[in-house]
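To keep things clear, I will list the structure first and then write my remarks on it.
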Amino acid sequence: MQKVKIRDFHQARWNEPIVMELNIPGERGVLIPKADKEIKNEIGDGVSNLKSLKRKSELGLPEVNQARLVRHYIRLTQECMGSDNTLGISQGTCTLKYNPKINEFLVKHPGLLDVHPLQDDDTMQGVLEIYYKTEQIMKELAGMDKFSFLPGAGGQAIYSNAVIVKKYQEYKKNTHKNEIITTLHSHPVDAAASSTVGYKIITLMPNDETGLPDWNEYQAALSEKTAAIFITNPEDTGIFNKRIDEYTKAAHDIGALSVYDQANANALIGIARAGEAGFDLMHFNLHKTFSSPHGADGPGCGALGCSDELAKFLPKPTVEFNGSKYYLDYDREHSIGYIKQFLGNTAAVLRAYLWCMNLGEEGLRQAATISVLNNQYMTKEILDKVPGTSIHYNVDAEQRMEQTRLSFDKLFEQTGLGIMDVNNRLIDYGISELWMSHHPFTVPEPFTPEPCESYNKEDIDYYVEVLRKIANECKNTPDIVKNAPHKASKHSPVRIPLHSTEEDFKHLATTWRAYIKRFK
Amino acid sequence: MNITKFEHPYIPNAGSDAKEELMMSIGKRNEREIFDMIPDHLLYQKFNLPEPILDEYTLKRHANAILSKNANLNTHLYFLGAGCAPHFIPAVVDEVLGRGEFYTSYSSIMGDQGRGQLQFEYQSMMAELLDMDVIAFPQYDGGSSVGHSFRIACRLTKRKKILIPKSMSNQNYQIAYNYINQIDGKYCELITVDYDKNTGLLDLNDLKSELSEEIAAVFIENPTFSGIVELQAEEIGKMAKAVGAEFIVYADPISLGVIEAPGNYGATIACGDLHSLGIHMLAGAGVGGFVMVKDNSKYAYQLKDMMYAASPTNVEGEIAFSYEAAFDRTSYEIREKSAEYTGTSSGLWTALAGVYLAVMGPKGMSEVGTIIMQNSQYAAKRISEIPNVEIKFGGTFFKEFVVDFTKTGKTVSEINKSLLKKNIIGGYELSKADIELKDCMLVCVTEIHTKADIDKFVNAVKAVVQTGGK
């Protein structure tokens with residue numbers, strides 16, 4: 001094997017002032033149209049009828065010339081680590097795959113960018129056609145009977161699914177069903193969104209050997225009160241529950257619904273489906289598996305799929321086709337109603353359509369296959385080559401799917417430095433921090449890389465070599481690691497309040513006006 | 001080994017020798033073995049998917065053909081609003097939108113300090129615009145910002161009733177209503193307060209009769225869904241506070257260069273949708289919610305979403321950012337123990353709203369508010385000159401106003417169909433909004449409209465209402 005050469009990296013460091021500090025009265029960022037002279041003559045200033053509600057003080061926004069603003073923003077974007085300029089392998093469970101440029105080009109087509117969501121269906125047949133065709137593809141990939149693209153991201157899809165569970169159980173007159181079962185290694189939002197709908201949450205703890213919920217504990221948790229189970233598979237750990245169909249069946253046997261959090265379905269598209277596993281409800285995050293960029297925290301899309309029996313409960317509106325025309329259906333008696341404005345994230349749906357059309361069945365299957373292959377290879381490489389790493393839940397350790405929950409526990413024991421230190425140092429190599437684990441941690445010093453199909457062997461080998469180098473630094477030159485990052489845009493913030501206490505509030509600054517008050 | 005190769009630009013290891021190398025290295029002889037963990041009966045092979053379009057050029061042609069079917073700002077003249085509207089978007093905003101390092105970023109704190117600064121600047125300028133102090137990550141849209149505000153008010157006051165205007169946006173009402181519904185009853189009860197049928201303003205007598213010490217909050221939209229500027233806002237706020245209720249104001253941010261900031265007339269919670277701040281319509285994807293409170297920990301810690309905060313570093317004068325501020329509020333950390341769930345929402349739009357505000361500056365925001373008021377008043381005046389067509393509500397309006405076609409004998413739907421033949425997208429049909437307005441159209445006029453555009457629209461409306469009966 002060729003020796004991996006680590007590049008010499010330094011992130012852009014511009015020390016840009018806060019934009020308010022660039023203020024020079026009289027400078028302008030842009031000139032905007034003025035009302036036509038005749039309108040002005042006829043109407044006057046147009047604002048005197050605001051009376052006492054007319055804005056009195058000038059806005060505290062900066063006055064900055066356009067060139068300076070452009071420099072400001074280009075510099076700030078240079079101080080980012082997106083999957084476009086760095087390896088997105090670090091952020092496991094998030095699937096930072098390549099976001100195709102042709103998709104971004106087409107999202108800016110005026111036939112999407114400049115379309116109003118409330119214009120007549122007849123005038124946006126193209127948008128509705130994309131929705132309808134994408135729905136047919138999703139149905140096939142999930143083994144579900146109907147889809148809604150309304151939820152704005154995974155959390156909202158889970159919330160919507162919890163509302164559908166509520167509506168379904170009310171419909172069945174099962175109002176005594178007030179519990180939802182989830183697992184600790186499912187995303188925390190499965191618990192949180194369900195509890196937002198008022199459900200009592202029962203969380204199954206992982207078995208120490210397998211990392212999976214214990215079957216007997218699951219049986220014991222199921223009861224007359226169970227409204228649904230909300231479960232991820234594979235879980236955040238990358239472990240696949242082989243008995244998943246038994247779990248869904250056991251839920252059905254007591255009148256509960258089985259809900260699948262498939263936010264990250266990257267290992268399974270074209271391989272296995274929610275339908276065969278017995279799920280009634282599920283969602284895909286189009287901003288993970290289906291190539292929409294994460295947009296620095298959305299907007300995403302949680303594509304919500306359901307079985308025939310639950311289709312009537314889907315949020316409004318749905319997109320339908322009558323053989324000659326696509327239309328929005330608002331007239332849905334049993335619908336849970338509205339959960340999101342307009343049509344949801346049309347851009348994410350277009351990108352998902354393009355992704356699926358561009359890859360086809362074989363391509364989608366290869367994407368899943370390579371994402372799992374890449375991860376199984378990378379897991380082995382890390383455990384073989386990076387000192388101080390280990391894998392917990394040892395049963396079938398070589399059978400992780402698209403991501404693996406690993407641990408720097410031994411490194412921590414040997415050096416006193418753990419994942420937080422490694423993370424700070426990763427930035428110095430041009431790689432973003434490793435995703436650790438959702439809360440609470442079940443593995444000490446956890447980390448969860450996800451080398452999805454976008455990365456080739458060289459990328460993975462490079463990544464592993466960086467981890468190996470940092471682990472060695474922890475032993476040999478710990479001070480360099482402790483004081484990292486050295487080559488990032490900024491040094492670490494030292495006064496971010498982590499707790500919701502009165503004391504911490506004294507240095508909470510989410511705005512410049514608060515920062516001046518607190519720190520200047 | 002018999003390895004299928006699949007050459008594709010997005011899956012490098014599928015087409016090169018790496019696939020075999022990787023498989024050998026982990027001892028897998030075929031693709032089935034990669035999925036050893038999945039039992040046979042859970043695998044699926046009979047997918048019925050459309051034939052792929054493997055090359056980029058053909059894919060582009062295919063998508064162009066579909067998207068070109070949609071009427072858009074290049075092909076039609078729009079007077080449609082109702083929560084989404086055509087606005088001028090400075091080119092600098094689109095330049096930042098196109099920066100891949102930014103839009104492909106996600107959850108790195110130290111690697112994405114530039115993103116942290118973009119978000120912090122957005123938050124800071126929103127504070128100036130609304131005269132509020134604390135803000136967290138966005139919500140999905142204006143509707144979810146209303147639902148979140150309702151829940152905050154109930155937790156703060158430990159009361160269970162919220163007063164809302166009957167004229168409220170039906171879409172936002174429905175979204176918020178859903179959000180407060182729980183299996184064990186409602187998080188709170190929503191009680192409607194009537195509006196004055198002449199002015200469109202809140203009926204203060206009705207408000208007074210509903211107010212009591214059971215009320216958690218009084219919610220208003222300013223401007224209202226029908227475009228009316230709620231000139232009594234300050235008084236409404238005082239009435240709310242007199243009974244210990246929160247005063248929640250839903251504001252259209254683009255109006256705030258000319259209309260007073262909610263924080264300056266008594267709002268204790270401000271919320272709204274970011275759409276008007278430089279976000280494209282995108283057939284409805286260009287929306288994002290915000291909720292802001294004053295500099296008070298009791299309020300701030302009720303915000304459910306992550307927060308970007310700024311902090312000094314150990315280097316003199318340097319400021320760095322982290323979204324983990326008061327992280328122990330969020331469902332990421334405390335799961336079901338958090339009051340509400342959080343997750344990925346609309347981060348791209350918040351950053352762009354910040355860029356928009358900086359590019360516009362104080363003068364731009366004031367000017368854009370002014371031209372919107374002038375243009376919309378001019379349009380209303382011209383329309384009111386058409387026989388049998390009336391402007392509903394005598395009050396001051398911003399961007400949108402209600403046109404009553406009852407006396408023309410034409411429905412809004414008929415009028416819009418005729419307008420469409422002239423490549424004009426007419427206003428929103430208010431009978432759909434469930435606010436007791438039949439045969440009324442909500443007309444939206446912004447800074448993008450010229451006098452010629454408005455005149456064309458008015459003449460087209462005139463031509464429609466003057467031909468034939470129903």
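Where a number appears in this text, it was derived from the coordinates with a stated rule and is not lab data. Quantities reported herein were computed from a predicted structural model and do not represent experimental measurements. Using ideal geometry, Cβ is built from the backbone for each residue, glycine included, and neighbour counts are taken over all protein chains shown.
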- Can you tell me the 0 to 90 degree angle between the C-alpha axis of helix B:451-465 and the longest principal axis of chain B, rounded to 10? 70
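Please give the average number of partner chain Cβ atoms lying within 10 Å of the Cβ of each residue in A:448-456, rounded to a whole number.
Working: counts 0, 0, 0, 1, 1, 6, 5, 3, 8.
Mean number of neighbouring Cβ atoms from other chains: 3.
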- If you bin every alpha carbon distance in the range B:201-325 into 5 Å steps from zero, what whole percent lands in each bin? 2, 9, 16, 18, 16, 15, 11, 7, 4, 2, 1, 0
- Item | Neighbour cut-off at most 14 other Cβ (10 Å), DSSP loop, GluC sites (Glu not before Pro), the range A:328-366 | A:Glu333
- Compute the projected area of the convex hull of the Cα atoms of the range B:289-378, averaged over all viewing directions, and report it in nm² to one decimal place. 9.1
- Task: Please report how far the C-alpha centroid of the range A:1-41 lies from that of the range B:110-182, rounded to the nearest whole angstrom.
- Result: 27
- Item | Equivalent ellipsoid, the protein assembly as shown (semi-axes from 5 times Cα gyration tensor eigenvalues, Å) | 45, 31, 28
- Over chain A, what relative contact order in percent results from Cα pairs under 8 Å that are six or more residues apart? 19
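Within 10 Å of each Cβ of B:419-428, how many other protein chain Cβ atoms are there on average?
Per residue, the number of nearby Cβ atoms from other chains is 2 on average.
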- What is the packing order of peptides B:452-463, B:113-124, A:453-464, taking the mean over residues of other C-beta atoms within 10 Å and listing the highest first? B:113-124, A:453-464, B:452-463
- Message: Given 20 °C and 1.002 mPa s, compute D for chain A with the Stokes-Einstein relation, Rh being the Kirkwood radius over Cα pairs; round to the nearest whole µm²/s.
- Response: 83
- Query: Could you put A:Lys133, A:Lys288, A:Lys410 in order, starting from the residue whose Cβ has the fewest other Cβ atoms within 10 Å?
  - Reply: A:Lys410, A:Lys133, A:Lys288
- Note on the structure: Expressed in angstrom and rounded, the centroid-to-centroid distance over alpha carbons for the range B:362-390 and the range A:358-408 is 60
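For the range A:345-463, just run the numbers: alpha carbon Rg, then divide by 2.2 N^0.38 Å, N being how many residues it has. If you can, show how the numbers build up before the last one.
Working: Rg = 16.5 Å, N = 119, 2.2 N^0.38 = 13.5 Å.
The range A:345-463 yields a ratio of 1.22.
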- Task: Take peptide A:24-30, look around each residue's Cβ out to 10 angstrom, count Cβ atoms belonging to other protein chains, and average those counts.
- Result: 5
- Could you size up the charge dipole of the range B:356-470 around its Cα centre, putting +1 on the beta carbon of Lys and Arg and -1 on that of Asp and Glu, and report it in debye to the nearest 20? 360
- Query: So what are the range B:105-356's ellipsoid semi-axes, whole angstrom, largest first, if each one is the square root of 5 times an eigenvalue of the alpha-carbon gyration tensor?
  - Reply: 30, 20, 17
- Query: For A:Ser160, A:Ser335, what ranking results if the residue with the fewest other Cβ atoms within 10 Å of its Cβ goes first?
  - Reply: A:Ser335, A:Ser160
- Item | Loop-located GluC sites (Glu not before Pro) in the range B:265-327 whose Cβ has at most 12 other Cβ within 10 Å (DSSP) | B:Glu316
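Pull up the DSSP beta bridges for chain B and report the antiparallel fraction as a percent, rounded to 5.
Expressed as a percentage, antiparallel bridges in chain B total about 55.
In debye to the nearest 20, how big a dipole does the protein assembly as shown give about its Cα centre with +1 on each Lys and Arg Cβ and -1 on each Asp and Glu Cβ?
1620
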- First obtain the Kirkwood hydrodynamic radius of the range A:304-394 from its Cα pairs, then insert it into the Stokes-Einstein equation at 4 °C and 1.567 mPa s, and state the resulting D in µm² per second as a whole number. 74
- the protein assembly as shown - share of DSSP beta bridges that are antiparallel (%, nearest 5): 55
- Mean Cα-pair separation over length for the range B:92-183, i.e. relative contact order, pairs under 8 Å, 6 or more apart, %: 23
- In the range A:324-399, what trypsin sites (Lys or Arg not before Pro) fall in a loop by DSSP, with at most 14 other Cβ atoms inside 10 Å? A:Lys325
- Normalised per residue, the volume inside the convex hull of the alpha-carbon atoms of the range A:46-201 in Å³ amounts to 307
- Task: Report, please, the projected area of the range A:15-114 averaged over directions, based on the convex hull of its C-alpha atoms, in nm².
- Result: 12.0
- Query: How big is chain B in terms of Cα radius of gyration and Dmax, in angstroms?
  - Reply: 26.1, 83
- Query: Using the 10 angstrom Cβ neighbour count as an exposure proxy, how do B:Met281, B:Met306 rank, fewest first?
  - Reply: B:Met306, B:Met281
- Task: Enter the per residue convex hull volume of the range A:1-73, computed from alpha-carbon coordinates, in Å³ rounded to the nearest integer.
- Result: 201
- Working from the pairwise distances between different alpha carbons, so that the mean of 1/r is found and then inverted, what is the range B:12-60's Kirkwood radius in Å? 13.8
- Item | Share of pairwise Cα separations in the range A:106-355, more than 34 Å, in percent | 15
- Query: Got the relative contact order for chain B handy, in percent, Cα pairs under 8 Å and 6 or more residues apart?
  - Reply: 19
- In bins 10 Å wide, starting from 0, what share of all Cα pairs of the range A:127-255 does each bin hold, as a percent? 12, 38, 36, 12, 2
